[in-house]
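Read the structure below first, then the notes.
The values are calculated or read from the model by the stated rules, or taken from the named source; none is laboratory data. What you see is a predicted model; the values in this text were computed from it and never measured. Glycine also receives a Cβ, built like all others from the backbone with ideal geometry; neighbour counts cover every protein chain displayed. These area figures cover heavy atoms from the full protein model, side chains too; ligands, DNA and RNA do not enter into them. Shrake-Rupley method; radii C 1.70, N 1.55, O 1.52, S 1.80 Å.
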Amino acid sequence: MDRDHLPRFTAAAVQAAPVYLDPGATVDKAVALIAEAAANGAELIVFPEVFVPGYPYWNWTMNPIQGSPWFERLQRASVDIPGPHVDRLRAAARRHGVVLVVGVNERAAHSLGVLYNTLLTIGPDGELLGVHRKLVPTWAEKLTWTGGDGSSLKVHDTPIGPLGALACGENTNTLARFALLAQGELVHASCYIALPVAPADYDMADAIAVRTAAHSFEGKVFSVVACSTVSPEIVDVLAGDDAELRELFGRPRSALSGIFGPDGRPVTEPLVDEEGIVYGEIDLARCIQPKQMHDIVGHYNRFDVFRLEVDNRPRPPVTFTVSPVVPPPATPGTPATPAAPAAPEEDV
C-alpha cells in the first residue's frame, strides 16, 4: 500500500439469503450479485457468513438426534477448497476486478465428520488470498463445525488496503480483533448470519451494530458488515407446518448490514432484515487523524506491560516423522558408508 496515496473506493455489503443447501444455485446468485455490485462501482464486495450453502438453523430448533440427518445434508452440500464452486467465485472476482469476501461451509479433506465455517478472501485477479476458518463455533454451532487454527488469522495486502475478516461471534473476541489490527488492518470484513432463533431478549441487529462500531472505533478502521437473511423458502424447508417455528423465523431485527467508519458511525444507513446491497464510500485517509488520539497498536498501548502472543502454526490432524536410515556397520578395512540425511517431517 502506497501511504502517500491511500485508497479511496466504494464498498458493498450484500444482505441476502442463500438458495438453501444448494451450493450451485447459491454460487449462481452470488455471481449475479457480484456483477450487480461491480456495475455500481464497488471494488470490495462482502457476503454473509456461510453464504454457500446456508446456516445450520436446525441446531437451534431440533435436538441433536433430529438434527443429525440435516448435518449429512449440509456435509453433502458443502464446498471443497480447492473446488469448482470456489473456482467460479474466483472467476467472478477476476472478471469484475473486485476484492471479494464470502463465507462458505468447507468440507475437510481428511474427514467426512469435519466441516469448517470458512471465509474466503479473493483478490481482483482471482487469487485466493485467504481461507480463514472460524476459530470457535458459537453455542449450538458446535454441533456442526470444527474450530480452525491461528494460521489463517491474517491481514491481506489488497488494492483497496490491508484487509482482515472475521466470522460473526469472532468479532466479539477482543484478542482475535487485536491480532488483525496489529498486522496493520485498515479495512475489516465482518460476516454474519440472521439469527431469529436467538434468545428472546437478544436483538441481533443491535448486536451486529455494536460489535461493528466497537471494532471500527477501537481500531480507527473501516468495517464492512454483511449479514444473511431468512427467505420464505428457508422457512418452508425448516419449519414446514409448525406455526410456532414459522413465527420464530419471521422475527424482526434479525439481520443488519452496512459500512462503518473509523469514528464508529455508519457511513450510510444500514440495511435491516431486507435483502439488498448497501454501498458506502471508504477513504482510508480518514484513519490517520483519529489514531493520533487513540492508537491501540501504537502509542496508545503499553507493550512493556501487555503482550499478545499468537500461535499461527497450522494444526494438521496427524504429523508423520520418517525415521532416518541407519547404515550397516562398516567392515574392517573399508570406508564407512555415510548416513543418509534425515527425512523432513510431513504434515497431513
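A few notes on this one:
- Ordered from largest to smallest accessible area (heavy atoms of protein chains, 1.4 Å probe), the residues Trp70, Trp60 come out as Trp60, Trp70.
- Evaluated with a Cβ-only charge set (Lys, Arg +1; Asp, Glu -1), the chain carries a dipole of roughly 660 debye about its Cα centre, given to the nearest 20.
- When +1 charges are put on Lys and Arg Cβ atoms and -1 charges on Asp and Glu Cβ atoms, the dipole computed for the range 130-185 relative to its Cα centre reaches about 120 debye.
- Computed from backbone phi with θ = phi - 60° and the Karplus coefficients 6.51, -1.76 and 1.60, the 3J(HN,Hα) list for the range 102-117 is 9, x, 9, 8, 9, 7, 6, 6, 9, 8, 6, x, 10, 10, 10, 8 Hz; x is used for glycine and proline.
- In the elastic network of the chain, a GNM with C-alpha springs shorter than 10 Å, the most mobile of Ala37, Ala226, Ala13 is Ala37.
- Sequence-separation-based contact order of the range 94-148, relative, with Cα cut under 8 Å and 6+ spacing, percent: 31
- Solvent-accessible area per residue for the chain (1.4 angstrom probe, square angstrom): 48
- Centre separation in Å (Cα based) which lies between the range 225-270 and the range 153-194: 22
- Percent antiparallel among DSSP beta bridges (both partners in the chain, rounded to 5): 60
- Global geometry of the range 199-326, whether rounded, prolate or oblate, following the gyration tensor of its Cα atoms and the 1.5 cut on a/c: oblate
- Per-residue packing, averaged as other Cβ atoms within 10 Å, sorts the ranges 308-315, 44-51, 169-176 into the order 44-51, 169-176, 308-315, beginning with the highest.
- Fully extended contour minus Cα-Cα distance, from Phe303 to Asn40, at 0.36 nm per residue: 90.3 nm
- When the charge dipole of the range 1-143 is built from unit charges on Cβ atoms (+1 for Lys and Arg, -1 for Asp and Glu) and taken about the Cα centre, the candidate among Leu33, Ala140, Gln66 whose Cα reaches farthest toward its positive end is Gln66.
- Dipole orientation for the chain: of the candidates Ala198, Met1, Gly219, Met1 has the Cα lying most toward the positive pole (charges on Cβ; Lys, Arg +1; Asp, Glu -1).
- Rounded accessible area of Lys29 (nearest 10 Å², 1.4 Å probe): 60
- Folded to 0 to 90 degrees: helix 204-219 orientation relative to the chain principal axis, Cα: 60
- Rolling a 1.4 angstrom probe over the chain with all protein chains present gives an accessible area of which 55% lies on carbon and sulfur atoms.
- Among His294, His85, His96, the largest mean-square fluctuation in a Gaussian network model of the chain (Cα springs under 10 Å) belongs to His294.
- Charge dipole of the chain about the Cα centre (unit charges at C-beta), most positive-ward option of Val52, Gly298, Val101: Gly298
- Look at the alpha carbon pairs under 8 Å that are at least 6 residues apart: their mean separation over the length of the chain gives a relative contact order of 18 percent.
- With respect to the chain, whose longest principal axis is taken over its alpha-carbon atoms, helix 23-39 is tilted by about 70°.
- Rounded to 10°, Cα long-axis angle of helix 64-77 versus longest principal axis of the chain: 80
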